[in-house]
Amino acid sequence: MGIDSLISGLALGVSAIASWFAIHSWREATRPVVVSAVRTNVGGNVSITYDVVVSNTGTRPAVDVVLQPDMPALDAAFGAGAAHQRPIIMRCFDESHRIPLLVNGESLTNSFGLTTGDDTTSVWKYGSRIPVAIIYKDLEGRVYKSSVTLAIRDSSGFAGGSWQKAR
């Protein structure tokens with residue numbers, strides 16, 4: 001084997017690695033990225049109502065989006081007043097209510113209970129954290145999994161305080 005063959009073989013190898021890297025990078029840059037968070041719907045001095053928001057911040061649509069909570073953490077986050085709201089909230093995590101299509105840039109919301117100053121009526125324990133896996137696919141069927149933590153707290157201010165908006 002001559003030096004010319006060796007150089008040609010090395011060039012072919014480098015070219016193949018560069019091509020693989022380019023394709024891999026393109027797939028990562030042009031894919032759905034699905035995240036979720038609990039957001040304040042309405043906050044006041046008596047109670048805070050929440051929505052769970054699922055957003056596709058990526059560049060392509062996501063399909064078959066499912067939220068899978070850490071069940072012990074979810075159970076521990078429910079307050080004493082959760083009996084009537086729990087079935088509605090649990091539908092957010094039910095595979096039969098998966099999001100069939102989440103277009104890039106789109107966000108979907110669902111009501112997600114409330115906290116009150118009275119622990120006996122509060123659906124959630126304020127300050128609870130629920131780890132959630134978000135499983136979804138792209139249009140070609142590739143499966144992705146994101147991990148987020150849903151925080152049960154007033155999202156109007158990141159540290160729990162905010163000014164009322166001027167009217």
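Less than 11 Å Cβ to Cβ from Ser128, Lys/Arg counted +1 and Asp/Glu -1: what total charge do the surrounding residues give? Around Ser128, the surrounding residues sum to +2.
In the set (i) 7, 11, 13, 17, 24, 20, 7, 1; (ii) 7, 15, 11, 9, 8, 9, 11, 10, 5, 3, 3, 2, 2, 2, 2, 0; (iii) 10, 31, 25, 15, 8, 6, 4, 2, 0, the label that goes with P(r) over Cα pairs in 10 Å bins from 0, in percent computed for this structure is (iii). Residue order for Met71, Met90, fewest other beta carbons within 10 angstrom first, comes to Met71, Met90. Both radii are taken from the alpha-carbon atoms of the range 1-90; with Rh as the Kirkwood radius, Rg/Rh is 1.37. Between Val65 and Ile99, the built amide H atoms are under 5 Å apart, and every one of these is 5 or more places off in sequence or on another chain.
Applying both filters, DSSP loop and at most 13 other Cβ atoms within 10 Å, to the chymotrypsin sites (Phe, Trp or Tyr not before Pro) of the range 84-167 gives Phe158, Trp163. From helices alone, the chain scores -7500 deg cm²/dmol at 222 nm; the rule is -39500 (n - 2.57) for each run of n ≥ 4 DSSP H residues, then divide by the residue total. Between His84, His97, His24, the GNM of the chain built on Cα springs shorter than 10 angstrom shows His24 fluctuating the most. Counting charges near Val54 (Lys, Arg +1; Asp, Glu -1) among other residues having Cβ under 12 Å from its Cβ returns a value of 0. Rounded to the nearest 10 degrees, the inclination of helix 3-29 to the longest alpha-carbon principal axis of the chain is 20 degrees. If the elastic network links every pair of Cα atoms under 10 Å, which of Ala82, Ala11, Ala22 fluctuates the most in the Gaussian network model of the chain? Most flexible of the set in this elastic network: Ala11.
Each reported figure results from applying straightforward, stated rules to the coordinates on display, with no laboratory input. Here the structure is a predicted model, which means the values were calculated and not measured. Glycine also receives a Cβ, built like all others from the backbone with ideal geometry; neighbour counts cover every protein chain displayed.
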